[in-house]
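Enquirer: So that we are looking at the same thing, I have put the structure below in structure tokens.
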Amino acid sequence: MSRIDSGHALTENRHITDRAILVTSNPVMRLGLQTLMQRSACLFVMASPESMVEALDAIDRYTPEVVLLDCEFADQVIESLQQKQIAVRILLLSQNPFLIQGASEITRQHACGLCHTGAPLRQIELQIATIALCQLPRPGWGPCNLCSLQPSLRTPRLPLSSREHQIFECIGKGERPATMARSLGISVKTVESHRENIKRKLGLRTAAELSEAAFRWRDGGWRAASRVPWTDRRRKPT
């Protein structure tokens, strides 16, 4: 069962005030968020499109106040909304709390906040309630600096040591392990060890994901979560 499928409602006996569109192609994420919003009565979900085209059509049809938007479609949907001058409150959704793909600068500027759907239930409830109850006037198409959700869009500091940070930057420049070893005065084996530590700390599984994350970080289009991966918090068998 999804972690967002259960739990107590944030508020009780509230009147539904705002219409919402939930945009994601992930069926588990969709069902969990729909269930959560139904129980908390924070938002009324008018439609749950699974693609960018369906999302834009639903927004035109239902004119929602809030859009819960999977980062998978964020850039394209937000760019289209900006061109049409349609102002809505946008809460980005990311299933992976360590690698957010598709969250460009334009997306972070025009979104209200970012919700990690693998976060504790209470945190998700609070973020949804915040965007549902928001009464702050949107300053056109630009960041709302008064919103309490804004910190979730900021680029956190990488949870790496100084040497690991050097290695990560070298990866972002496209350098090979042998080149890194020569420039940093360490062995190739040590470089590979640092690479493995970086993957573990950032929740990355493959060398390809590591390279992509490093390239995106260098360009300002990748963000890592500030907390330690859950796999590091498990107790080791005794």
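Enquirer: What aspartates and glutamates sit close enough to Lys199 to cross-link, taking a C-alpha to C-alpha distance under 17 Å and skipping anything fewer than 8 places away on the same chain?
Expert: Glu164, Glu169, Glu175, Glu209, Glu212, Asp232
Enquirer: Suppose the chain between Tyr62 and Gln82 were pulled fully straight at 0.36 nm per residue; how much longer would it get relative to their current alpha carbon spacing?
Expert: Values: separation 20, 0.36 × 20 = 7.20 nm, distance 1.73 nm.
Extra length available between Tyr62 and Gln82 comes to 5.5 nm.
Enquirer: Could you sort 58-67, 181-190 so that the peptide with the highest average Cβ count within 10 Å comes first and the rest follow in order? Don't skip to the end; give the middle numbers.
Expert: Values: 58-67: 17.9, 181-190: 13.3.
So the peptides 58-67, 181-190, ranked by packing, come out 58-67, 181-190.
Enquirer: I need the calculated FRET efficiency for the pair Asn197 and Ser104, taking r as the beta carbon distance and R₀ as 30 Å, to the nearest 0.05. Please list the in-between numbers first.
Expert: Details: r = 28 Å, r/R0 = 0.93.
Efficiency, rounded to the nearest 0.05: 0.60.
Enquirer: For Ser161 paired with Ser148, estimate the spin-label separation in nm (one decimal), with each label point 7 Å from Cα along the Cα-to-Cβ line.
Expert: Those two pseudo-labels are separated by 3.9 nm.
Enquirer: Still on this model: Which value results when the Cα radius of gyration for the range 18-153 is divided by 2.2 N^0.38 Å?
Expert: Values: Rg = 13.2 Å, N = 136, 2.2 N^0.38 = 14.2 Å.
Cα Rg divided by the expected 2.2 N^0.38 Å: 0.93.
Enquirer: Between Thr35 and Glu169, how many nm apart are label points set 7 Å from Cα along the C-beta direction?
Expert: Result: 4.6 nm between the two label points.
Enquirer: Using label points projected 7 Å from each Cα along Cα→Cβ, tell me how many nm separate Ser211 and Thr190, to one decimal.
Expert: Taking the two extended label points, one gets 2.5 nm.
FYI, it's all coordinate maths here, none of it is from the lab. It should be emphasised that the depicted structure is a prediction, and the values quoted were computed from it without experimental measurement. Quick reminder, even Gly has a Cβ in these numbers, built from the backbone with ideal geometry, and neighbours come from all protein chains shown.
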